Amino acid sequence: MNRHTLAILVHNRFGVLNRVTSMFRRRRFNIESLTVSETETAAYSRITVVFDGDDGSKEQLIHQLYKLPDVVMVRELDREATVSCELLLIKLANVAGEPRNDILDAAGAFEAKIMEYSRDAIILRLVGDTQLIDNFIDLMRDYEILESCRTGVISLSRGKSTMRDGIA
């Protein structure tokens with residue numbers, strides 16, 4: 001199984017996300033990461049999906065996605081040809097003494113930003129690639145993680161090309 005990232009440009013309409021994700025479900029792909037947002041124009045939304053699967057099934061999925069009326073463009077994103085990142089918010093119990101200093105040192109080393117610092121909790125924000133986020137979470141497991149939330153992967157192709165190139 002290979003990890004794939006698809007960027008799907010769709011018309012910004014009610015129910016489109018459900019139809020797209022249902023296509024993944026019907027093809028028995030487990031979605032690892034999903035982000036959706038309006039694009040530079042309100043007419044379109046961009047769905048970025050990360051999933052595992054073999055190349056043949058992925059190609060069939062892309063074919064089926066194009067059959068959905070609201071799908072405008074599907075692009076597989078190559079790791080080397082894109083700029084990608086995720087966002088993590090993580091809340092840790094604020095403990096006294098040395099462990100607190102270790103948390104703050106780790107935050108500094110990873111360039112995480114302190115979003116809230118109270119007597120009982122610290123909330124950190126980290127932006128980076130998937131591996132960086134995973135590594136930071138693994139390091140923070142040595143402390144009491146109260147809560148965490150992370151976005152899915154967002155990606156843009158390098159250079160001047162866009163998802164809307166070639167669309168009338």
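The values are calculated or read from the model by the stated rules, or taken from the named source; none is laboratory data. Please read these numbers as outputs of a predicted model, since none were measured by experiment. Positions of Cβ are backbone-derived with ideal geometry, glycine not excepted, and every protein chain shown enters the neighbour counts. Ligands, DNA and RNA are stripped out before the accessible areas are found, and what is left, the full protein with its side chains, is counted by its heavy atoms. Shrake-Rupley method; radii C 1.70, N 1.55, O 1.52, S 1.80 Å.
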Selection from the range 96-124 of residues surrounded by 15 or more Cβ atoms within 10 Å (Cβ to Cβ) and not in a helix (DSSP H, G or I) yields Phe110, Ala112, Ile122, Ile123, Leu124
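Mind listing whichever residues of the range 125-141 are open to solvent by 60 Å² or more (accessible area, probe 1.4 Å) and either among the polar types (S, T, N, Q) or without any contact (Cβ under 8 Å) to a residue 24 or more places away in the chain (or both)?
Gln131, Asn135, Asp138, Arg141
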Residue pairs within 9 Å by beta carbon, gap of at least six or interchain, first lying in the range 10-28 and more than 13 Å from Ser45 (Cβ to Cβ) and at pLDDT below 95, second of a type in the set (Gly, Ala, Ser) and outside any helix (DSSP H, G or I), listed first then second, are Arg27/Gly53; Arg28/Gly53
Condition first: within 17 Å of Arg19 (Cβ to Cβ) and small (Gly, Ala, Ser). Can you find one or more residues in the range 41-54 that meet it? yes
Original post:
Quick check: is even one residue across the range 49-65 open to solvent by 20 Å² or more (accessible area, probe 1.4 Å) and closer than 21 Å to Phe136 by Cβ?
Top reply: no
Scanning the range 36-48 residue by residue, those part of a strand (DSSP E or B) and open to solvent by 50 Å² or more (accessible area, probe 1.4 Å) turn out to be Val36, Ser37, Glu38
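Just to be sure, is Arg75 open to solvent by 50 Å² or more (accessible area, probe 1.4 Å), touching a residue at least 60 places away in the same chain (Cβ under 8 Å) and within 19 Å of the chain's Cα centre (by Cα)? I'd like the intermediate steps shown before the answer.
Values: open to solvent by 50 Å² or more (accessible area, probe 1.4 Å): yes; touching a residue at least 60 places away in the same chain (Cβ under 8 Å): yes; within 19 Å of the chain's Cα centre (by Cα): yes.
So Arg75 passes the test.
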Filtering the range 78-95 for residues that are within 30 Å of Thr162 (Cα to Cα), surrounded by 16 or more Cβ atoms within 10 Å (Cβ to Cβ) and basic (Lys, Arg) leaves a count of 0
The residue from Glu32, Glu40 that alone is acidic (Asp, Glu), in contact with a strand residue (DSSP E or B) (Cβ under 8 Å, 6 or more places away or on another chain) and at pLDDT below 95 is Glu32
Within the range 9-29, the residues that are surrounded by 16 or more Cβ atoms within 10 Å (Cβ to Cβ) and part of a helix (DSSP H, G or I) are Val16, Leu17, Val20, Thr21, Met23, Phe24
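Within the range 144-168, restricting attention to residues that are hydrophobic (A, V, I, L, M, F, W, C) and part of a strand (DSSP E or B), which residue is most open to solvent (accessible area, probe 1.4 Å)? Steps first, please.
Step one: filter the range 144-168 for residues hydrophobic (A, V, I, L, M, F, W, C), giving 145-146, 149, 153-154, 156, 163, 167-168.
If we keep only those that are part of a strand (DSSP E or B) too, we end up with 145-146, 149, 154, 156.
On the way: Ile145: 57, Leu146: 82, Cys149: 90, Ile154: 89, Leu156: 110 Å².
Within the range 144-168, the match that is most open to solvent (accessible area, probe 1.4 Å) is Leu156.
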